[in-house]
Amino acid sequence: MHQFIKIFLLLSAFWCAAHSYEWYESGNFYQIYPRSFMDSDNDGIGDLQGIKSKLQYLKDIGMDGVWLSPIYKSPNADFGYDISDFRDIHSLFGTLADFDQLVTECNRLDLKLILDFVPNHSSNEHEWFQKSERNESGYEDYYIWRTPQIDEVSNIPVPINNWISIFRYPAWKWSEIRQQMYYHIFLYQQPDLNYRNPKVVQEMKDVLKFWMSKGVSGFRVDAIPHLFEKMNDDGTFPDEPRSYDPNCDMNDHCSLNNIYTHDQPETYDMVYQWRKVLDEFAAENKVGSKVLMLESGARIDLNMIYYGNATIPGAHFPFNFELIKNTNINSTAADYKSAVDLWLDNMPAGHIANWVLGNHDQHRIASRLGVERGDLLNILLQTLPGVAITYQGEELVMTNVHLSWEETVDPAACNTNDPINYEKASRDPARTPFPWDDSKNAGFSNADSTWLPVGDDYKTVNVKAQEAAANSHLKIFKKLTTIRKESMFRLGNYTGILSNNNNVYSYKRQHENEFAVVVLNFGKSQEVVDVSSLFTSIPSKLKVYTSSLESGIADGEILDASKVTASDMSDL
């Protein structure tokens with residue numbers, strides 16, 4: 001259906017300027033949602049020993065780095081993003097000793113371990129918050145506290161302003177202990193830290209150093225746009241204007257135009273400071289470079305500021321969500337090329353691109369964009385320039401798992417209080433246990449039940465079945481990660497073009513005397529593509545490296561470059 005064509009043709013060699021490439025520059029990173037990857041103690045929840053036992057699988061499928069969603073001590077109001085101790089492991093996942101063993105095994109396999117860094121907030125059970133709530137000396141303004149007005153009729157405290165939590169309802173919570181309100185952009189159990197307090201800034205820098213001293217190779221920074229809020233000179237906070245979004249009710253975060261709670265100028269400077277902490281730690285301890293990547297999702301021009309400027313380095317890259325934001329099941333080749341070009345055209349020179357299509361907050365790629373496009377999209381992510389990030393299970397082309405209202409645990413869904421439409425907000429369908437084989441609970445756990453149910457299709461959609469098949473999504477994925485390590489993909493330039501009435505998106509990756517052409521048909525009819533007319537120096541015969549399951553084209557097949565058949569998408 002969508003051909004990936006590898007061409008080795010001896011050309012006049014040219015030489016690129018010398019460059020010292022770091023391990024992360026064309027990295028293949030795999031996101032693990034720890035609760036759902038592998039359960040070693042049969043309590044129905046994944047853990048560190050389970051992850052350790054499956055690291056060889058990640059090495060075998062071509063990964064360079066492993067990124068873990070939060071594993072820290074937490075009451076789990078938001079499944080680990082409410083942290084009660086930034087320097088300890090949640091008992092559900094194991095211990096610090098288990099973590100040390102995980103690092104050792106990662107080092108043995110030459111896999112870089114990357115942790116989530118959640119700097120915006122802590123749990124309300126964190127020692128810092130409890131001391132701050134009691135107004136103890138030194139902790140008074142670790143969080144954002146304000147004295148509210150009291151409604152004369154109801155005698156109830158009135159929220160400080162109109163800001164709304166991402167999980168709905170006012171973003172201010174009354175404390176009976178302190179007799180003030182505190183700000184929380186997420187759940188009320190997740191009070192925002194105050195980064196205008198230098199002590200807080202230093203505390204979080206020390207957290208970074210702690211985990212680097214334990215062998216961590218970098219961090220994915222969670223929810224970075226919310227780090228600072230607009231504050232007036234008199235210490236008050238301005239109301240945000242209404243968005244008048246017809247899809248949002250008055251209790252939704254999106255009902256406001258979030259100009260004062262997102263993307264404040266101070267946030268960028270804090271990212272630059274964190275990058276300095278990482279670089280100085282690596283230099284002082286004579287260890288490899290540490291990577292800093294951000295979950296932003298900001299407007300493209302604002303996102304680019306995170307890279308740094310001419311004198312100060314910032315993040316190695318902010319996550320690129322343009323393919324998520326700008327595509328859907330009906331998207332055309334032009335839509336995909338436009339999303340790719342948007343990032344490449346705006347990225348500052350000398351920096352690293354990255355590509356993200358799935359994560360723990362999104363429905364499965366195959367469910368959002370089409371099962372028939374599963375291989376096509378893995379081909380796209382693995383062959384574009386820069387870093388590729390794969391969420392666990394996307395290599396198998398997993399689909400969403402339906403959960404009833406009673407089975408739902410995600411606070412984003414539960415807070416809707418809507419047993420009919422909760423699925424629109426729920427992130428649970430992409431967080432279900434990983435299918436290793438066709439045994440009990442898909443080989444994830446021997447427990448009587450798992451924290452979320454496994455998918456109904458696990459008997460056929462699992463690692464064991466796809467490894468045993470003559471061809472499968474997983475085998476195609478492995479071929480892609482293998483070819484990705486060649487110089488044309490690690491170091492090569494990129495030239496993209498649309499053809500066939502904008503139904504086909506093709507691009508050429510070339511480095512010195514090696515190049516490859518990728519042909520992706522996003523249309524709804526079969527297309528015959530004249531590849532020889534799209535790019536210069538194309539030979540008359542092309543050898544297929546790999547193609548999607550539905551293509552009907554065998555690996556190694558020789559094709560006429562003037563008439564490459566890309567099958568249709570009419571079954572979408």
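The values are calculated or read from the model by the stated rules, or taken from the named source; none is laboratory data. These numbers were taken from a predicted model, which means no experiment stands behind them. Note that each Cβ is placed from the backbone with ideal geometry, even for glycine, and that neighbours are counted across all protein chains shown. All accessible areas refer to the heavy atoms of the entire protein, side chains included, with ligands and DNA or RNA removed. Shrake-Rupley method; radii C 1.70, N 1.55, O 1.52, S 1.80 Å.
Worth a mention:
- Debye intensity ratio in log₁₀ form over the Cα atoms of segment 97-206, taken at each q of 0.10, 0.15, 0.18, 0.24 Å⁻¹: -0.40, -0.72, -0.90, -1.30
- Note on THR536/GLN273: beta-carbon distance plugged into 1/(1 + (r/R0)^6) with R0 of 60 Å gives a FRET efficiency of 0.85.
- For the cross-link pairs LYS325/LYS524; LYS54/LYS276; LYS290/LYS543; LYS485/LYS563; LYS52/LYS337; LYS276/LYS475, the ones whose C-alpha atoms lie over 31 Å apart are LYS54/LYS276; LYS290/LYS543; LYS52/LYS337; LYS276/LYS475.
- Label-to-label distance, ASP88 versus ILE420, with points set 7 angstrom from Cα along the beta-carbon direction: 4.5 nm.
- Computed over the alpha-carbon pairs of segment 327-467, the distance histogram in 5 Å steps reads 2, 9, 16, 18, 17, 14, 11, 7, 4, 1, 0 percent, short to long.
- Projected label distance in nm at TYR244 and ALA470, using a 7 Å step from Cα toward the beta-carbon: 6.1 nm
- Label corresponding to Cα extents along the principal axes in Å when calculated from the structure given, among (i) 83, 63, 49; (ii) 81, 57, 51; (iii) 114, 111, 66: (ii)
- Cβ-placed point charges (K, R +1; D, E -1), dipole of segment 511-572 about Cα centre in debye, nearest 20: 120 debye
- Greater than 29 Å apart at Cα, pairs in LYS59/LYS199; LYS424/LYS459; LYS214/LYS459: LYS59/LYS199; LYS214/LYS459
- For the chain, adding -39500 (n - 2.57) for each run of n ≥ 4 DSSP H residues and dividing by the number of residues yields -6500 deg cm²/dmol at 222 nm.
- Straight-distance candidates among the aspartates and glutamates for linking to LYS440, with alpha-carbon spacing under 20 Å and chain neighbours fewer than 8 residues away dropped: ASP39, ASP41, ASP43, ASP47, GLU407, ASP448, ASP456, ASP457, GLU467.
- Per residue, the solvent-accessible area of segment 144-237 (1.4 Å probe, heavy atoms of protein chains only, all protein chains present) comes to 42 Å².
- Once the Cβ-Cβ distance of LYS459 and ASP234 is raised to the sixth power relative to R0 = 45 Å, the FRET efficiency obtained is 0.10.
- FRET efficiency estimate (nearest 0.05) - Cβ-Cβ, SER213 to SER338, R0 60 angstrom: 0.85
- Remark: the ASP345-ARG134 segment gains 70.9 nm on full extension, using 0.36 nm per residue and subtracting the alpha carbon distance.
- The chain - percent of accessible surface contributed by carbon and sulfur, probe 1.4 Å: 48 percent
- Cα-Cα separations in segment 311-366 greater than 18 Å, expressed as whole percent: 39 percent
- Magnitude of the charge dipole for segment 333-415, about its Cα centre and with charges confined to Cβ atoms of Lys, Arg (+1) and Asp, Glu (-1), is about 200 debye.
- The mean sequence distance of close C-alpha pairs (under 8 Å, at least 6 residues apart), as a share of the length of the chain, puts its relative contact order at 17 percent.
- In the context of the full set of protein chains, segment 357-431 has a per residue accessible area of 29 Å² (1.4 Å probe).
- Per-residue 3J(HN,Hα) values for segment 74-79, derived from phi via the Karplus relation 6.51 cos²θ - 1.76 cosθ + 1.60 with θ = phi - 60°, read 6, x, 6, 5, 10, 6 Hz in sequence order (x marks Gly and Pro).
- Kirkwood-Stokes translational diffusion coefficient of segment 434-533, alpha-carbon pairs, 25 °C, 0.890 mPa s, µm²/s: 145 µm²/s
- Taking all Cα-Cα distances within segment 393-455, those exceeding 13 Å account for 61%.
- Backbone amide hydrogens, once placed in the peptide plane, bring PHE117 within less than 5 Å of ARG220, VAL221, ASP222, excluding anything fewer than 5 places away on its chain.
- Antiparallel bridges, percent of DSSP beta bridges restricted to the chain (to nearest 5): 65 percent
- Extent of segment 194-301 along its three principal axes (Cα atoms, max minus min coordinate, largest first): 53, 33, 24 Å.
- Overall, segment 430-528 carries a charge dipole of about 240 debye about its Cα centre when +1 sits on the Cβ of Lys and Arg and -1 on the Cβ of Asp and Glu, all other atoms neutral.
- For segment 450-572, the solvent-accessible area with a 1.4 angstrom probe is 43 square angstrom per residue.
- Taking amide H atoms as placed 1.01 Å from N in the peptide plane, the amide H of VAL66 lies under 5 Å from those of TYR30, LYS112, LEU113, ILE114, each 5 or more residues away in sequence or on another chain.
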